[in-house]
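Peer 1: My structure is below; once you've seen it, I'll send some questions.
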Amino acid sequence: MSVRPTRVRRGVACVALTLALLARAGAAAGQEAPREAPREDGRPAPLREVAIDQRLDAAVPLDLAFHDESGAPVTLGQYFGKRPVILSLVYYECPMLCTLVLNGLVRALRTLTFDPGHEFEIVTVSFNPRDTPDLAAKKKATYLGEYNRPGADQAWHFLTGDPDAIGRLAQAVGFHYTYVPEEKQFAHAAAIMVLTPDGRISRYFFGVEYSPRDLRFGLIDAAGRKIGTAVDHLLLYCYRYDPATGKYGAIVMNLMRAGGVVTLLVLGGFIVVMRRRESRAGGSGSVVGAARLRMVKRS
C-alpha cells in the first residue's frame, strides 16, 4: 500500500517550550519591537518545521548503527525480521513531551494481552546525539518498572546514536524536529509508529494517548494478521485505519455485512438444533407406538 505523504500538524511541541516561546513573543510585542511578517500558520519560528510526514509503506534503513542501553554497538536491523516493531523517537532529558509519549505508550501496552518478545518488539531511539547509553539505561529501568511485563527487558530497546544515524532514521519516518538554543530544548512532534517485521512503516499513532484497541489492530496489520485471534481478524474486517486521524474507524457497510453473516449463522444453528429435537421426538414416538401395537396383538 502506498499512501501520499500527509502533513500532520497537531499539538506537536513540548507544552512548556511552546508557552515560553509565545510568552517571549508577547513580551517583545509589548515593547513595541518591530513586528515580523505574518506567518502562514501563526506558530513561532522554531515550531514552523515541527511536523510529521506520514510515509506509510516506506522502508527504514535497517543498516543504521546505534548503541543500546548497555553501550554495545547495534544495528537497527537486529530488532526486525520476526515481529512488528513499535518505534518511538524521543530524547531522554526531555522535560515534558517525551515523558508523556512514553507514559501513554506504557498505559496502552499494559492493557494489551500481547507479550513483548513474542508478538512485538519496542525500539525507542533518542534524537539527541548528546544522550548517552547511561541515560538510556536509566530511562529503560524506569519504564520497565512501569510496564512490569515478563520479557520486556529483552524486547524493549533504548538506543542512542550519532547525528547521521539519527537524521537518516528521522528522515525515513518523516519525523521533523528542531533544537531551540534559547530554551536548550528540542521542539518536536508527539507520535509512535508501528513497523512491519521487514522494516516498513505500517501505522502512525499521534498525540500522547494511544488507544489499546488501535495499537492492537496496528500490530495485527503490521504482522500480516499472523498474530491475534479469529475475533480480532473479524473485527478488522469492520474497521479500517485512517491515515488522516491515525485511528481505526468503523466501516458501516462491512459492519452490516458482518452482522448479516452472524444473523444467518445464528438462524442456521437454531434450525439445526430444532430439527434434531424434532427427530429425537419423532423417534421416541415411533418406539412408543410399536410397543403399544405389540401389546394389542398379544391381547
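Peer 1: For the peptides 229-236, 55-62, what is the packing order when you average, over each peptide's residues, the other Cβ atoms within 10 Å and list the highest mean first?
Peer 2: 55-62, 229-236
Peer 1: Moving on. Rank Ile251, Ile220 by accessible area, highest first, at a 1.4 Å probe radius?
Peer 2: In descending accessible area the options line up as Ile251, Ile220.
Peer 1: Oh, and also: Explain nothing, just the number: relative contact order of the range 78-196, from Cα pairs under 8 Å at least 6 residues apart, as a whole percent.
Peer 2: Dividing the mean separation by the residue count of the range 78-196 yields 35 percent.
Peer 1: Over the range 133-231, calculate the relative contact order: mean separation of alpha carbon pairs under 8 Å at least 6 apart, over the residue count, as a percent.
Peer 2: 15
Peer 1: Using the structure shown, select from Lys138/Lys184; Lys138/Lys226; Lys140/Lys247; Lys82/Lys140 the pairs with a Cα to Cα distance greater than 24 angstrom. Let's see the in-between values first.
Peer 2: On the way: Lys138/Lys184 21 Å; Lys138/Lys226 34 Å; Lys140/Lys247 27 Å; Lys82/Lys140 22 Å.
Violating the 24 Å Cα-Cα cut-off are Lys138/Lys226; Lys140/Lys247.
Peer 1: Ignoring ligands, DNA and RNA, how do Ser202, Ser279 rank by accessible area with a 1.4 Å probe, largest first? Show your work: numbers first, answer last.
Peer 2: Numbers: Ser202 15, Ser279 85 Å².
Heavy-atom accessible area, descending, gives Ser279, Ser202.
Peer 1: Hey, can you grab everything whose amide H is under 5 Å from the amide H of Leu56? Only 5+ residues off in sequence or another chain; H modelled, so Pro and N-termini drop out.
Peer 2: Val3
Peer 1: Using a 1.4 Å probe, how large is the accessible area of Phe80, given in Å² and rounded to the nearest 10?
Peer 2: The value for Phe80 is about 30 Å².
Peer 1: Which whole number of Å³ per residue matches the convex hull of the alpha-carbon atoms in the range 66-121?
Peer 2: With only Cα atoms used, the range 66-121 gives 95 Å³ per residue.
Peer 1: Give the Rg/Rh ratio for the range 61-178, taking Rg as the radius of gyration of the Cα atoms and Rh as the Kirkwood radius, to two decimals.
Peer 2: 0.93
Peer 1: Rolling a 1.4 Å sphere over the protein heavy atoms, what is the accessible area per residue of the range 91-131, to the nearest Å²?
Peer 2: Computed with neighbouring chains in place, this is 36 Å² per residue.
The values are calculated or read from the model by the stated rules, or taken from the named source; none is laboratory data. Everything quoted here is computed from the prediction, not taken from an experiment. Note that each Cβ is placed from the backbone with ideal geometry, even for glycine, and that neighbours are counted across all protein chains shown. Areas reflect the complete protein model, heavy atoms only, side chains present, ligands, DNA and RNA absent. Shrake-Rupley method; radii C 1.70, N 1.55, O 1.52, S 1.80 Å.
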